[in-house]
Amino acid sequence: MASEKVETIVAGNYMEMEREGEQQDKSQSKISKFFWHGGSVYDAWFSCASNQVAQVLLTLPYSFSQLGMVSGILFQLFYGIMGSWTAYLISVLYVEYRTRKEREKVDFRNHVIQWFEVLDGLLGKHWRNIGLFFNCTFLLFGSVIQLIACASNIYYINDKLDKRTWTYIFGACCATTVFIPSFHNYRIWSFLGLIMTSFTAWYLTIAALVHGQMEDVQHSGPTKMVLYFTGATNILYTFGGHAVTVEIMHAMWKPHKFKLIYLLATGYVLTLTLPSASAMYWAFGDMLLTHSNAFSLLPRTGFRDIAVILMLIHQFITFGFACTPLYFVWEKVIGMHETKSIFKRALTRLPVVIPIWFLAIIFPFFGPINSTVGSLLVSFTVYIIPAAAHMITFASASARENAVERPPSILGGWVGHYAINCFVVVWVFVVGFGFGGWASMTNFIHQIDTFGLFTKCYQCPPKH
């Protein structure tokens, strides 16, 4: 009887969202609906998969050279599963928060729910402030990384301009994402983005196998603890792309169907990252330690140029994914979030891009910056905070009894959930934040000492 009651409540709470989706379907033209306005399970899957693997695809071979082949593969599988678990926890907390609010007759039709608001509604303002700080800082540097990657990649097609100049140019290009209203409107971009990364991943795999192993190639990793944990935290960063999970869920017509989407997206992403990183490391070995961008070791061909161009377009899309939640936060701060005019919202969003642009010019360390962001920000944003928040939200017997989403018995029910959550918190805090933070900061400081801040062309070969 109790389970029937819960199911009725869940169904009732999502009636508004489903009606909203039907109204949108009627009001949008078929062409507009196809290209622009998405909210299905498939849209969410494309968004998750496309957003999860972007420029990091090019730095994973670099991580393999730091970790060695076996550790590289195992860490990808391990963090892929762990990332899918915490994305599931975030989806459970979102559904719990939204259901509670809709029982109070709160209307979200002109409001995008964000992670810090979920924490605020379930756990209070202190959790909100912690979540807001880590989430915004991570997304800020996530956007910075996409901008750095754009400059790093285009240099392998046109080296007449240095990477810093390319950063100026792509900063202006990426600023156009202010015109994309929400994650509803990424339908065609998510689809194309996944095709682009799929092409690039298989290009890296095939090109490395066709090239063959370098003469006297060495595979000495792991050699230093600093490099080992730096590589591990880059993989932690790779599968920690679910800082935008709440926004993607909110863009769905039926968010309660999100549960396994991230796991399925991760499964597909692993079919791209494992072959490409393994093949590149097999072919080039320790040379990757000084070449954090995989493109830099492959000979220039038409296929490589196509892959570079496709990755540039995809990085533009991923920049929008990372920056859109920041746009929402800024709109809410200045009271423009519910404004319907796209042009007014675009103008108010522009100040968000300026610090991203500036930071990309200060720290152009493509590769090492991923590990630093992974250890210091991703570890808390998408691993520790969701696991701890889930445990505290359902700590009381009444909260567990009235939970909208009950834990599946196959995972051990509430006891199993708490055991897994405790493991995630301890592991990520000790290995990801502790050892990973030490290693990645040591490596990052080494890059600053070697190349300097505001370096004009990071890891550029000398021109003859």
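Extension gain, Thr450-Arg300: 0.36 nm per intervening residue step, less the Cα-Cα distance, totals 51.3 nm. In the range 268-304, which residues have a backbone nitrogen under 16 Å from the label point lying 7 Å from Asp216's Cα in the Cα-to-Cβ direction? The answer is 284-288, whose backbone nitrogens lie closer than 16 Å to the label point. The coefficient of translational diffusion for the range 250-297, derived via Stokes-Einstein from the alpha carbon Kirkwood radius under 10 °C and 1.306 mPa s, stands at 119 µm²/s.
Filter the cross-link list Lys125/Lys332; Lys105/Lys125; Lys105/Lys340; Lys254/Lys344; Lys257/Lys344; Lys259/Lys340 down to pairs whose alpha-carbon distance in this structure exceeds 26 Å. Violating the 26 Å limit, Cα to Cα: Lys254/Lys344; Lys257/Lys344; Lys259/Lys340. At q = 0.13, 0.23 Å⁻¹, what log₁₀ I(q)/I(0) does the range 270-372 have when each alpha carbon counts as one equal point scatterer in the Debye sum? Here the Debye-derived log intensity ratios amount to -0.70, -1.33. For Leu326, Leu274, Leu376, the ranking by accessible surface with the largest value first comes to Leu376, Leu274, Leu326, using a 1.4 Å probe. Rounded to two decimals, the Cα radius of gyration of the range 151-233 over 2.2 N^0.38 Å is 1.57.
For the pair the range 148-219 / the range 344-384, the C-alpha centres are spaced 17 Å from each other. Can you tell me the orientation of helix 302-334 relative to the chain, as the angle in degrees between its alpha-carbon axis and the longest Cα principal axis, to the nearest 10? Compared with the principal axis, the helix lies near 40 degrees. The trypsin sites (Lys or Arg not before Pro) of the range 98-136 meeting both criteria, a DSSP state outside H, G, I, E and B (loop) and at most 12 other C-beta atoms within 10 angstrom of the site's C-beta, are Lys105, Arg109. The helix-based estimate of mean residue ellipticity at 222 nm for the chain, built from -39,500 (n - 2.57) per DSSP H run of four or more residues and divided by its residue count, is -22500 deg cm²/dmol to the nearest 500. The value given for the range 330-391 is a Kirkwood hydrodynamic radius of 14.6 Å, derived from the mean inverse Cα-Cα separation. Remark: the range 292-339 is approximated by an ellipsoid whose semi-axes, taken from the C-alpha gyration tensor as √(5λ), come to 37, 10, 5 Å, largest first. Debye sum, Cα scatterers, the range 370-464, no solvent: what log₁₀ I/I(0) at q = 0.22 1/Å? Result of the Debye calculation: -1.06. Principal-axis analysis of the Cα atoms of the chain puts helix 56-67 at an angle of about 70° to the longest axis. Here the simple spin-label model places points 7 Å from the Cα toward Cβ, and for Ile309 and Val426 these points are separated by 5.3 nm.
Between the helical axis of 41-52 and the longest alpha-carbon principal axis of the chain there is an angle of about 40 degrees. Across the range 80-191, the volume of the C-alpha convex hull divided among the residues equals 153 Å³ per residue.
Per the Kirkwood formula applied to alpha carbons, the range 225-333 shows a radius of gyration over Rh ratio, Rg over Rh, of 1.03. Based on C-alpha pairs under 8 angstrom that are at least 6 apart in sequence, the range 356-457 has a relative contact order of 52 percent. Database note for the chain: Cys without another Cys beta carbon under 4.7 angstrom, Cys48, Cys136, Cys150, Cys173, Cys174, Cys323, Cys422.
Computed about the Cα centre, the dipole magnitude for the chain is approximately 720 debye when only Lys and Arg (+1) and Asp and Glu (-1) carry charge, each at its Cβ.
Between Leu264 and Ala397, full extension at 0.36 nm per residue minus the direct alpha carbon distance yields a gain of 44.7 nm. With semi-axes defined as the square roots of five times the eigenvalues of the C-alpha gyration tensor, the equivalent ellipsoid of the chain measures 37, 26, 20 Å, largest first. Using heavy atoms of the protein chains and a probe of 1.4 Å, the accessible area assigned to Ile154 is about 20 Å². For the range 180-264, a simple Cβ point-charge model (Lys and Arg +1, Asp and Glu -1, everything else neutral) yields a dipole of about 520 debye relative to the Cα centre. Taking 0.692 mPa s as the viscosity and 37 °C as the temperature, the Stokes-Einstein diffusion coefficient of the range 141-199 based on its alpha-carbon Kirkwood radius rounds to 254 µm²/s. Just the protein heavy atoms count here, and of the accessible area of the range 270-424 at 1.4 Å, carbon and sulfur take up 75 percent. The region of the chain that goes longest without hitting one of the GluC sites (Glu not before Pro) in a DSSP loop, each with at most 13 other Cβ atoms within 10 Å, is 339-464.
Using the Cα coordinates of the range 172-301, the gyration tensor eigenvalues translate into equivalent-ellipsoid semi-axes of 33, 18, 15 Å, sorted from longest to shortest.
The values are calculated or read from the model by the stated rules, or taken from the named source; none is laboratory data. This structure is a prediction, so every number in the text was calculated from the model and none was measured. Here Cβ is always computed from backbone atoms with ideal geometry, including for glycine, and neighbour counts include all displayed protein chains. All accessible areas refer to the heavy atoms of the entire protein, side chains included, with ligands and DNA or RNA removed. Shrake-Rupley method; radii C 1.70, N 1.55, O 1.52, S 1.80 Å.
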